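Trainee: To start, I am sharing the structure in question, which I have written as structure tokens.
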Amino acid sequence: DFRSPGGGETSISVTLNQNGMVAIQTAFLEQGTWTYTSLRQIVAEELGLRPDEIEIQVLDTDSSPFDSGIGGSRGTRIASRAACDAARAVKDELFGLAEKLLGWAKDEIELKGKNLVRKNTKQRQRWDVLLCRVGRSITRRAINRDEGHAPVTSFTTQIAEGAVDPETGQVTIRRFTS
């Protein structure tokens, strides 16, 4: 037998605000397992930001869909997927807005900090300026329902950022969080 973190359900929203602030909204409570840190790192990675540029906004149970609550390693496992999906949905909508207003194809765009960058020309547009232009923020919610059990026992989250020198194959760890 193995001891597996159970499944559950949670909802995460990610918002890009007109003032340049990025927020994760969740009813999920942090109880010392570094779940908020993991959520910030996941959303930051997807949006080309630093984790400290992202704010956590804790919602009450009247403001959020059902959340099965925290429990052991389950929290990070369930909330991480929802955070990643919400961040990708926000990015997709932002790229669609840039395509419409700037005439840049979605596949030509990348995020670097608070800038939309057109890959082939290196043109830049701050995304907060673009949102001010249309007079709205972008918020997308993702719900992760996972009623199964993980196939392995897990008691930690580790996130590493590395780089590989293409000439030498040398691997360098840039950031490591556990």
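The values are calculated or read from the model by the stated rules, or taken from the named source; none is laboratory data. From a predicted model like this one, the values you see are computed outputs, not experimental measurements. As a convention, Cβ positions derive from the backbone with ideal geometry for all residues, glycine included, and neighbour counts pool all protein chains shown. The accessibility values were calculated without ligands, DNA or RNA, using every heavy atom of the protein model including side chains. Shrake-Rupley method; radii C 1.70, N 1.55, O 1.52, S 1.80 Å.
Trainee: If each residue of separation counts as 0.36 nm, what is the full-extension length gain between D92 and D52 once their alpha-carbon separation is subtracted?
Mentor: On the way: separation 40, 0.36 × 40 = 14.40 nm, distance 2.22 nm.
Gain in length upon complete extension: 12.2 nm.
Trainee: So, taking all protein chains as they sit and a 1.4 Å probe, how much accessible area belongs to T177, in Å² rounded to tens?
Mentor: That residue has around 40 Å² of solvent-accessible surface.
Trainee: With the other protein chains left in place, how much accessible area per residue, in square angstrom, belongs to the chain at a 1.4 angstrom probe? Let's see the in-between values first.
Mentor: Working: 9890 Å² over 178 residues.
Dividing the accessible area of the chain by its residue count gives 56 Å².
Trainee: Points 7 angstrom from Cα along the Cβ direction at R145 and L59: gap in nanometres?
Mentor: Inter-label distance under the simple model: 1.6 nm.
Trainee: Pulled fully out, how much extra length does the chain show between V171 and K112, if you take 0.36 nm times their separation in residues and subtract their Cα-Cα distance?
Mentor: Numbers: separation 59, 0.36 × 59 = 21.24 nm, distance 2.31 nm.
Once the chain is fully extended between V171 and K112, it gains 18.9 nm.
Trainee: Which order do the peptides 102-115, 42-55 come out in when sorted by mean C-beta neighbours inside 10 angstrom, highest first?
Mentor: Highest mean packing first, the order is 42-55, 102-115.
Trainee: Based on alpha-carbon positions alone, could you give the equivalent ellipsoid semi-axes of the chain from the gyration tensor, as √(5λ), descending, whole Å? Can you show the working numbers first?
Mentor: Values: eigenvalues 183, 103, 34 Å².
Equivalent ellipsoid of the chain: 30, 23, 13 Å, largest first.
Trainee: Using 0.36 nm per residue, how much length does the chain from E45 to R133 gain when fully extended, once their Cα-Cα distance is taken away? Let's see the in-between values first.
Mentor: Values: separation 88, 0.36 × 88 = 31.68 nm, distance 2.56 nm.
Gain on extension, E45 to R133, equals 29.1 nm.
Trainee: Which order do the peptides 29-37, 165-173, 84-92, 16-24 take when ranked by the mean count of other beta-carbon atoms within 10 Å per residue, highest first? Before the final figure, lay out each step's value.
Mentor: Numbers: 29-37: 15.7, 165-173: 8.0, 84-92: 20.7, 16-24: 17.4.
Going by the mean number of other Cβ atoms within 10 Å, highest first, we get 84-92, 16-24, 29-37, 165-173.
Trainee: What is the distance, in nm, between label points placed 7 Å from the Cα along the Cα-to-Cβ direction at N19 and at L101?
Mentor: 1.8
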